[in-house]
Amino acid sequence: MSLSKAGELFSANDLNSSNGMYLNGVKVHSAVLHEGDQIQIGDVVFTFFEGI
Amino acid sequence: MEFLVRFWGTRGSIPTPGHATKRFGGNTSCVELMIDGVLFICDGGSGLRELGLRLTQQKGAPVEAHMFFSHMHWDHIQGFPFFIPAYSERSRLHVYEVAKGRQHIKEMLHGQMSSDYFPVRFSDLGAQILSGNLEQGATRIDGVCVKSFEQHHPGRSYAYSFEKGGKKFVYATDNELDLTLENRDASLLDPAIPRKVPDAFIEFISNADLLVADGQYTDEEYPQKSGWGHARANTVVDAAALANVKQCAIYHHDPMHSDSVVDSIITQAQKRAQASGANVTVFGAREGMTLKL
């Protein structure tokens, strides 16, 4: 998975992983992230915070 | 085989920029399909503007796109005058009609750019804009099998399916599925009962890997909006469950619905899907989300 930034938007991108990447439980290829989004890769869950 | 689906606009009726809608997005209908390098575009709402920007920034090669419009209401065409590839002489845009021998869509795109509405005329666009017709049954476009289905919406609308390499995508927005239910009255009295969706629609969406469908209303608000041309999200879920759809994106979010309202609609829809026993993943279509089928 990679994270990218375009303007003020952050995105998570699946780099063609075997098991895929999930955004809030939905398998996605990429997604623009918003506060509180959960990205799961395997057994690991990351929560996205936009910062203070 | 690569089959990518990206949401550029998910909102119904009118763009709704602002903090309250930023997660699901405020741009009106537009979905991009990239199937083995061939670009298909479903609807030209305001999301089309951003797709055009991305194509302009990323592609050195001329843009060639196959464009399908569910119908010609504003929220499905208003992005076209701002679609930058339409201004390039290197672009080729194929605009498809369901009705044979007509150029209705091209004429409507032309009409919204008349000088009373917009400073640039359609005839001044640089791109080659070609009208194509969908055949009865199926049409093959660059190896992709495309079918259409007439829906229930004021003035009529169409759903489209796209199939290649064993993958199937269905785009079915602005469809008041509730008007077609065989047990409509009973389902309005008791929204908990399963809704009997006509076989023709079930067949059209059957076994889709991804169904993108209009699910604008809650069960509670629908009775006041019957006849407006949009469906209850829970009706879409029942159809998806019956049709063995794998993933169902609730789409065409109401402009009055904030992200938190859409969240609650999706939560209810997911519970209904779970209760049905069907193996369908239900989620809310979000701008900037890409799925690989």
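The values are calculated or read from the model by the stated rules, or taken from the named source; none is laboratory data. Bear in mind the structure is a predicted one, so any value in this text is a computation, not a measurement. Heads up, the Cβs are rebuilt from the backbone with ideal geometry, glycines too, and the neighbour counts pull from every protein chain shown. When the accessible area is computed, the model is the full protein with side chains, heavy atoms only, and any ligands, DNA or RNA have been set aside. Shrake-Rupley method; radii C 1.70, N 1.55, O 1.52, S 1.80 Å.
Considering (1) open to solvent by 30 Å² or more (accessible area, probe 1.4 Å); (2) more than 25 Å from A:N24 (Cβ to Cβ); (3) among the aliphatic types (A, V, I, L, M), say which one B:I202 fails and leave the rest. For B:I202, the exception is condition (1).
Look through the range B:1-24, keep the residues that are part of a loop (DSSP other than H, G, I, E, B) and under 25 Å from B:V38 (Cβ atoms), and return whichever of them is least open to solvent (accessible area, probe 1.4 Å). Please lay out each step first, then the result.
So in the range B:1-24, the residues part of a loop (DSSP other than H, G, I, E, B) come out as B:1-2, B:10, B:12-18, B:22-24.
Subset that is under 25 Å from B:V38 (Cβ atoms): B:1-2, B:10.
Details: B:M1: 112, B:E2: 75, B:T10: 0 Å².
Looking at the filtered set, the residue picked out is B:T10.
Can you spot a residue in the range A:29-37 that is farther than 24 Å from B:L53 by Cβ, open to solvent by 50 Å² or more (accessible area, probe 1.4 Å) and within 13 Å of chain B (Cβ to nearest Cβ)? Yes, there is a match, as at least one residue in the range A:29-37 is farther than 24 Å from B:L53 by Cβ, open to solvent by 50 Å² or more (accessible area, probe 1.4 Å) and within 13 Å of chain B (Cβ to nearest Cβ). The C-beta contact set for the range B:243-255 (first residue at pLDDT 95 or above and in a strand (DSSP E or B), second residue open to solvent by less than 10 Å² (accessible area, probe 1.4 Å) and among the acidic types (D, E), distance under 8 angstrom, 6+ apart or interchain) comprises B:Y251/B:D214. None of B:D43, B:D36 is over 30 Å from B:V261 (Cβ atoms) and of a type in the set (D, E) except B:D36. Within the range B:239-257, the set of residues being away from chain A (no Cβ under 12 Å) and open to solvent by less than 30 Å² (accessible area, probe 1.4 Å) comprises B:A239, B:A240, B:A241, B:A243, B:V245, B:Y251, B:H252, B:H253, B:D254, B:H257.
So how many residues does the range A:4-27 have that are assigned to a strand (DSSP E or B), surrounded by fewer than 16 Cβ atoms within 10 Å (Cβ to Cβ) and at the interface with chain B (Cβ under 10 Å from one of its Cβ atoms)?
3
Residues in the range B:271-293 that are within 9 Å of chain A (Cβ to nearest Cβ) and either in a helix (DSSP H, G or I) or of a type in the set (F, W, Y) (or both): 1 in all.
For the residues B:E89, B:E107, the requirement of being acidic (D, E), surrounded by fewer than 18 Cβ atoms within 10 Å (Cβ to Cβ) and touching a residue at least 12 places away in the same chain (Cβ under 8 Å) singles out B:E89. Filter the range B:125-163 down to the residues that are in a strand (DSSP E or B) and in contact with a Cys (Cβ under 7 Å, 6 or more places away or on another chain) and list them by number. Those that are in a strand (DSSP E or B) and in contact with a Cys (Cβ under 7 Å, 6 or more places away or on another chain): B:Y160, B:E163. Screening the range B:28-64 for residues that are assigned to a strand (DSSP E or B) and more than 16 Å from the chain's Cα centre (by Cα) and picking the one that is surrounded by the fewest Cβ atoms within 10 Å (Cβ to Cβ) gives B:V38. Among the residues of the range B:258-286, which ones are of a type in the set (D, E) and open to solvent by less than 40 Å² (accessible area, probe 1.4 Å)? Hit for the range B:258-286 is B:D259, nothing else. Every condition in (1) surrounded by fewer than 17 Cβ atoms within 10 Å (Cβ to Cβ); (2) not in a loop (DSSP other than H, G, I, E, B) holds for B:E220 except the one numbered (2).
On the stretch given as the range B:112-130, residues that are touching a residue at least 24 places away in the same chain (Cβ under 8 Å) and open to solvent by 50 Å² or more (accessible area, probe 1.4 Å) total 2. Of all residues in the range B:238-260, exactly one satisfies the criterion of being in contact with a Leu (Cβ under 6 Å, 6 or more places away or on another chain) and of a type in the set (G, A, S), namely B:A240.
B:R156 meets all of the listed conditions (1) farther than 23 Å from B:H252 by Cβ; (2) in contact with a strand residue (DSSP E or B) (Cβ under 9 Å, 6 or more places away or on another chain); (3) open to solvent by 40 Å² or more (accessible area, probe 1.4 Å) but one, namely (1).
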